[in-house]
Amino acid sequence: MLSIIVPTYQEAENIVPLCEALLAVLEASDEVIVVDDASMDGTAERARVRFLTEPRVRVMTRATDRGLASAIRSGIDAARGDLVAVMDADFNHEPRRVPALVRQLASADLVVGSRFVHGGGMDDALRQACSAAFSRVTGALLGTGTAENLSGFFVARAALLKALPADRIYYGYGDYFFRLLFYATSRGARIVEVPVWYSRRRAGQSKTRFARVGVRYTFELARLLLSDRRARQQ
């Protein structure tokens, strides 16, 4: 069984068509978990009304401890499946690619939707170049062995995710992902990259502020490296 976690904030225009697209490619036993951070535009309400009689869609609303990474953690905790996927709500990640990632779990513990392997990429060329450079430096410093270290689109075995130190991973924004890869790699997880293409969002406004995000990611990368060095010295 696959549980797809979709963290949302102000995605009222996207959430219903996204869930519909996911249901079209999922098995009857799979589920979509929408984790909404009390969006003021009615994201959660639209999903609840549209999928009121659809048991494969579950909507969670959080009023406290909000944020992307903590929303993903809440979704993982609530997941019923032995396989877990995470993706954005803005169609940046294509629903039709989910089955391709899941199939790779036959020989892996974690499958990353990667922009930085052959066949992957983004519509936004400048963001592609900047993200690729930071991602490759991050992977080299952390020893993850992956070209993509900033993905928000992945599938994994639930047993792996629940065995990792959640308190050290799921805080902040997208920086949670390189921490996830770091701790998964340290446990010997088998990680595979599958090429994906990031399209531009269909509707609504992006919440990402790239200058601020870049500073935060750099700080978090340095902190992770420092804590790892201290742990090795003890």
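The values are calculated or read from the model by the stated rules, or taken from the named source; none is laboratory data. For clarity, every value in this text was computed on a predicted model and none was experimentally measured. Ideal geometry is used to build each Cβ from the backbone, glycine not excepted, and the neighbour counts take in all protein chains shown. When the accessible area is computed, the model is the full protein with side chains, heavy atoms only, and any ligands, DNA or RNA have been set aside. Shrake-Rupley method; radii C 1.70, N 1.55, O 1.52, S 1.80 Å.
Computed from backbone phi with θ = phi - 60° and the Karplus coefficients 6.51, -1.76 and 1.60, the 3J(HN,Hα) list for segment 92-97 is 4, 9, 7, x, 5, 8 Hz; x is used for glycine and proline. Between the residues ALA133, MET87, PRO195, the greatest Cα displacement towards the positive end of the dipole of the chain, with unit charges on the Cβ of Lys, Arg, Asp and Glu, is found for ALA133. What is the pair-distance distribution P(r) of segment 147-195, computed from all Cα-Cα distances in 10 Å bins starting at 0, with each bin given as a whole percent? All Cα pairs considered, the percentages come to 23, 64, 12. Accessible area per residue (1.4 Å probe, heavy atoms of protein chains only) ranks LEU83, LEU161, LEU52, LEU225 as LEU52, LEU225, LEU83, LEU161, with the largest value leading.
Charging the Cβ of each Asp and Glu at -1 and of each Lys and Arg at +1, and nothing else, the dipole of segment 38-166 about its Cα centre rounds to 300 debye.
Largest first and in whole Å, give the semi-axes of segment 90-129's equivalent ellipsoid, each being the square root of 5 times a Cα gyration tensor eigenvalue.
Values: eigenvalues 96, 32, 10 Å².
Result for segment 90-129: semi-axes of 22, 13, 7 Å.
Accessible surface for the chain, divided over its residues, is 47 Å² per residue with a 1.4 Å probe. Relative to the dominant Cα principal axis of the chain, helix 176-186 is inclined by about 60°. Skipping prolines and chain starts, which residues have an amide H placed within reach, meaning under 5 Å, of the one on THR61, given they are 5 or more residues away or on another chain? Sorted by chain and number, the residues that satisfy this are ASP36. A dipole drawn for the chain from +1 and -1 charges on Cβ atoms has a positive end, and of LEU180, VAL35, PRO99 the residue lying farthest that way is LEU180. PHE91 contributes an accessible area of around 10 Å² to the protein surface, as traced by a 1.4 Å probe with all chains present.
Kirkwood hydrodynamic radius (Cα pairs, Å) of segment 6-95? Let's see the in-between values first.
Values: mean 1/r = 0.0771 Å⁻¹.
The Cα-based Kirkwood calculation yields 13.0 Å.
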